[in-house]
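S.K.: I have a structure I would like to understand better, so I am pasting it below and will then ask my questions one at a time.
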Amino acid sequence: MISLRNELESPEDPVSFTDLTDLIKDIFEPDGHLTKIMEMEHRPQQADMAFAVAQKMQENSPLLFEAGTGVGKSLAYLIPGILQAVESRRPLIVSSHTISLQEQVLKKDIPLCEEFFKKIPPLERFKEFKTALLVGKGNYLCPNRLAAAVRAKTELFPSEEQAELQRIIDWARETETGMRQELNPAPGHEIWSQVNADSSTCSRKNCNPDHCYYQKAKGRIQDANVLILNHSLLFALIGAGMQPEGNASGILYPNDFVVLDEAHRIPAIATEHFGLDVSSYGVELALKLLYNPRKKRGLFTRVATDKDCKQVVEAINAVEGFFQYVREAYLLEKSVVRLMEPGSGDLESLYPVHYVAQRIAAIAENQTSDRVVDELKDHRQRILSYYSQIHQFWALENKDHVHWFEKGGSKGTIVHLRTAPVDVAPYLKKYLFQRGTACILTSATLSISGRMDNFQKNAGAVDCPSEVRDSPFNYQENVRAFVAEDTPDIQSHGKKNQLIDYLTENIEYFTTNIEGGTLVLFTSYNDLYRVADKIGPTLEKISRPFYVQGRELSRMEMLRNFAKAGNGILLGTDTFWTGVDVPGPALSQVIVTRLPFENPTHPIAQARQEWLQAQGRNPFLELTLPEAVLKFRQGIGRLIRKKSDTGILTVLDSRIIRKQYGAHFIDALPTTYQSFQATARPDLSYLGL
């Protein structure tokens, strides 16, 4: 993990930028620099957002801003943010959820800002602003650790893994960034852990910034005015205690200020990172890096005795026994099981793990190499952390957290002990909104029926100002919406097959009667696969490219092929409700098969429902419904991605007009709708999309 403390010094006297809002007016007003010099269309919503963002950045205040698709929110926060960062010598942190948005900011919006500043004489002094991508320390290759691994390869790696080590060596001669993501296929976790920068041995004391990829990255980070990262890393760093110390303001760095785009995902992602996650694989790997009895390899073969290696074997056996007990006692019938009372039995069987940690400390005292000492300290800290976290989990020490067991891995053989805060709002309030700096949260979907109350509650931002600006796109002219009024009610006994037949018939009708591409959104893999098997032959007969999530292609490959096809049919669930950006006729229709209510069986959802009920509140109205509406808004938002796009929204769930709560989903539709029955479907032939 990248350590942030003291890497950026807070300026002793930050410059006051009194004319930022005036500059923003000059840039974004109807006859401002963007329209005159860059020949960009004036968007009142974008101008409103840029001015509001500039104000809050100057005031070091928070802001929630919903900006509909097409507002151009990236420039609305980047331009004032860069001006503020350069002038005040304070870093701007920009965090997003999806890779596609991160790439858009880095490859499109940042270069556009550079070009813009060069063309405007009053802004030319800002053109040299610097940008850096912030990723986890473990993503970088450390040449010194690689060299050490090569010297000790016979002790560290069996013969079958030495070819993989050679592949990394060959790649290291060519790579410019040293980032793991460049290696295809990705290196195995065990071998990469021996050569990456996520170690105390990769430090300025040991590594030359001219040669070490991570130290080079740190240099870029220190010099950058704008730092870009993703939400997961942001909250992993915050959760690991990487905030400025003492009374210093700032969220990651002293005196920084932050924009979180795609902010609708913040409560869910923060929930993951403010809890514990201890896996059988992680604990066993930490011990096997010391000594792997099957491969007869590990650090202890170089620095410890045979007796110490045997102690590691005892610890591995103890860990395997403990997680086997968990598997048999809790996870035989279900893959996720909540722990409601302290675990049965004591944890004395895990003492060998603690003993190994003690031995590591003793072994380190006898080493003459600082590099080896640092490496041993890393191992000891990691093992002690696992040991402590298991005890915390078993005793239910975190009273405001929900605790559960979970199977993981492709074969379900990995056991996780997990916790998460029942209410993440106090954490977000503390770590985002009480840091004495500007924190801007923005997304196309933060509100329900024009109100942001629910999101503010969930995000710990009840006291934060909020604004909503709709999309500038002409949905009334460019979008037609159809809503089914006769969907079978699957709550009735024996209606599941009827629903699948209904979905199949309607999906076939709505996909075969338009020329462009269709994204069909499901709420379960079971429904998705049953429908896919039924409509596949029909689509094959008419030569329509057909893509099914979870079969053959990865998500990115599916989206790439779907966008190229122009008239493809893509069936997806969950991850396809967000982050799909396919402009033009390649995506001319979005079909929602079911309103996206989450099944409240996960321990987090159950605990939150109980927590709300205990306060006399309504879990459906405050939790289930708002989450479904926001996900619905995200799903239908895949359709129109640019001003010239046209398309069809089709909702095959009659609850949207039958149930009282359906009004919230109707409000989310960007245009008026036409209802239909399967026996009287609308004529789509004239659309010719």
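S.K.: May I ask you to list the residues in the stretch 24-44 that are crowded, with 21+ Cβ neighbours inside 10 Å and under 25 Å from PHE257 (Cα atoms)?
M.R.: ILE24, ILE27, PHE28, LEU34
S.K.: Now, a different point. Might you check whether a residue that is under 25 Å from the mean Cα position of the chain (by Cα) and polar (S, T, N, Q) occurs anywhere in the stretch 553-567?
M.R.: Taking every residue of the stretch 553-567 in turn, at least one turns out to be under 25 Å from the mean Cα position of the chain (by Cα) and polar (S, T, N, Q).
S.K.: I'm checking my understanding of the structure. Among residues of the stretch 518-541 that are assigned to a strand (DSSP E or B) and not aromatic (Phe, Trp, Tyr), which one is nearest to MET558 (Cα to Cα)?
M.R.: By that ranking, first place goes to LEU519.
S.K.: Sort out which residues of the stretch 527-562 are in contact with a Pro (Cβ under 9 Å, 6 or more places away or on another chain), closer than 21 Å to THR98 by Cβ and free of Cβ contacts under 8 Å to residues at least 40 places away in the same chain, and write them in order of number.
M.R.: Once the filter is applied, which keeps residues that are in contact with a Pro (Cβ under 9 Å, 6 or more places away or on another chain), closer than 21 Å to THR98 by Cβ and free of Cβ contacts under 8 Å to residues at least 40 places away in the same chain, the stretch 527-562 yields only ASN561.
S.K.: Further, regarding this structure: Taking ALA149 as the residue in question, decide whether it is surrounded by fewer than 17 Cβ atoms within 10 Å (Cβ to Cβ), farther than 30 Å from ARG265 by Cβ and not assigned by TED's automatic domain parsing to the domain that holds VAL105.
M.R.: So ALA149 fails the test.
S.K.: ALA236 passes all but one of (1) of a type in the set (A, V, I, L, M, F, W, C); (2) under 22 Å from VAL105 (Cβ atoms); (3) crowded, with 22+ Cβ neighbours inside 10 Å; which number fails?
M.R.: ALA236 satisfies every listed condition except (3).
S.K.: Condition first: closer than 30 Å to ASP26 by Cα, assigned to a loop (DSSP other than H, G, I, E, B) and among the aliphatic types (A, V, I, L, M). Can you find one or more residues in the stretch 121-133 that meet it?
M.R.: no
Here's the yes/no breakdown for (1) hydrophobic (A, V, I, L, M, F, W, C); (2) surrounded by 14 or more Cβ atoms within 10 Å (Cβ to Cβ); (3) more than 22 Å from ARG145 (Cα to Cα):
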residue	(1), (2), (3)
LEU331	yes, yes, yes
ILE363	yes, yes, no
LEU384	yes, yes, yes
GLN392	no, yes, yes
TRP404	yes, yes, yes
LYS407	no, yes, yes
GLY412	no, no, yes
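S.K.: Among the candidates LEU417, LEU432, which residue alone is at pLDDT 95 or above, more than 30 Å from GLU467 (Cβ to Cβ) and surrounded by 20 or more Cβ atoms within 10 Å (Cβ to Cβ)?
M.R.: LEU417
S.K.: I'd like to check something: does the stretch 280-293 contain any residue that is assigned by TED's automatic domain parsing to the domain that holds HIS403, buried (at least 22 other Cβ atoms within 10 Å of the Cβ) and either within 18 Å of the chain's Cα centre (by Cα) or among the aromatic types (Phe, Trp, Tyr) (or both)?
M.R.: Yes, the stretch 280-293 contains a residue that is assigned by TED's automatic domain parsing to the domain that holds HIS403, buried (at least 22 other Cβ atoms within 10 Å of the Cβ) and either within 18 Å of the chain's Cα centre (by Cα) or among the aromatic types (Phe, Trp, Tyr) (or both).
S.K.: Next up: For the structure I just gave you, tell me whether SER200 is of a type in the set (Ser, Thr, Tyr), more than 29 Å from ALA268 (Cβ to Cβ) and out of contact with any helix residue (DSSP H, G or I) (no Cβ under 6 Å at 6 or more places or on another chain). Step through it out loud before you land on a result.
M.R.: Numbers: of a type in the set (Ser, Thr, Tyr): yes; more than 29 Å from ALA268 (Cβ to Cβ): yes; out of contact with any helix residue (DSSP H, G or I) (no Cβ under 6 Å at 6 or more places or on another chain): no.
Criteria not met by SER200.
S.K.: Separate question: Going residue by residue through the stretch 365-374, is there one that turns out to be closer than 20 Å to TYR281 by Cβ and either in the same structural domain as ASN144 (by TED's automatic domain parsing) or part of a helix (DSSP H, G or I) (or both)?
M.R.: no
S.K.: What residue, among those in the stretch 301-321 that are in contact (Cβ under 8 Å) with a residue 40 or more places away in the chain and crowded, with 18+ Cβ neighbours inside 10 Å, is farthest from GLN367 (Cα to Cα)?
M.R.: ALA315
A quick yes/no check of all residues on (1) under 26 Å from the mean Cα position of the chain (by Cα); (2) free of Cβ contacts under 8 Å to residues at least 60 places away in the same chain:
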| site | (1), (2) |
| --- | --- |
| ALA163 | no, yes |
| GLU174 | no, yes |
| GLU182 | yes, yes |
| ALA197 | yes, no |
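S.K.: Does the stretch 88-101 include one or more residues that are surrounded by 21 or more Cβ atoms within 10 Å (Cβ to Cβ) and in a helix (DSSP H, G or I)?
M.R.: Within the stretch 88-101, not a single residue is surrounded by 21 or more Cβ atoms within 10 Å (Cβ to Cβ) and in a helix (DSSP H, G or I).
S.K.: Still on this structure, I have one more. Could you list, in sequence order, all residues of the stretch 258-297 that are among the aromatic types (Phe, Trp, Tyr) and within 20 Å of TYR427 (Cβ to Cβ)? Spell out how you get there, then give the answer.
M.R.: We begin by selecting, within the stretch 258-297, every residue among the aromatic types (Phe, Trp, Tyr); these are 274, 281, 291.
Result: PHE274, single match.
S.K.: Now a separate question. Kindly evaluate ALA149 against the criterion of being part of a helix (DSSP H, G or I), more than 18 Å from ASN230 (Cα to Cα) and touching a strand residue (DSSP E or B) at 6+ places or on another chain (Cβ under 8 Å).
M.R.: Against the criterion (part of a helix (DSSP H, G or I), more than 18 Å from ASN230 (Cα to Cα) and touching a strand residue (DSSP E or B) at 6+ places or on another chain (Cβ under 8 Å)), ALA149 does not qualify.
S.K.: Also, I was wondering about something else. What's the number of the only condition in (1) among the polar types (S, T, N, Q); (2) in a loop (DSSP other than H, G, I, E, B); (3) under 24 Å from ALA270 (Cβ atoms) that SER74 fails to meet?
M.R.: (2)
S.K.: Checking the condition more than 30 Å from ALA54 (Cα to Cα) and of a type in the set (Ser, Thr, Tyr), which residue from SER193, SER100, SER95 passes?
M.R.: Unique residue meeting the criteria: SER193.
S.K.: Of all residues being assigned to a loop (DSSP other than H, G, I, E, B) and either polar (S, T, N, Q) or in the same structural domain as TRP611 (by TED's automatic domain parsing) (or both) in the stretch 425-448, which is nearest to the chain's Cα centre (by Cα)? Just the residue, please.
M.R.: This residue is THR445.
S.K.: For the stretch 278-304, give me each residue that is within 21 Å of ILE238 (Cβ to Cβ) and modelled with pLDDT under 95.
M.R.: The one that is within 21 Å of ILE238 (Cβ to Cβ) and modelled with pLDDT under 95: GLY282.
S.K.: I've got another one for you. Condition first: surrounded by 13 or more Cβ atoms within 10 Å (Cβ to Cβ), touching a helix residue (DSSP H, G or I) at 6+ places or on another chain (Cβ under 8 Å) and closer than 21 Å to GLY70 by Cβ. Now tell me which residues in the stretch 641-672 satisfy that.
M.R.: ASP645, THR646, GLY647, ILE648, LEU649, ALA668, LEU669, PRO670, THR671
S.K.: Select, from ASP489, ASP463, the only residue that is loosely packed, with under 15 Cβ neighbours inside 10 Å, in the same structural domain as ALA76 (by TED's automatic domain parsing) and either acidic (Asp, Glu) or closer than 20 Å to LEU587 by Cβ (or both). Before you say what the answer is, go through the steps one by one.
M.R.: On the way: ASP489 fails: in the same structural domain as ALA76 (by TED's automatic domain parsing).
On inspection, the qualifying residue turns out to be ASP463.
The values are calculated or read from the model by the stated rules, or taken from the named source; none is laboratory data. Note that this is a predicted model, so its numbers are computed, not measured. Backbone-built Cβ (ideal geometry, glycine too); neighbour counts: all protein chains shown.
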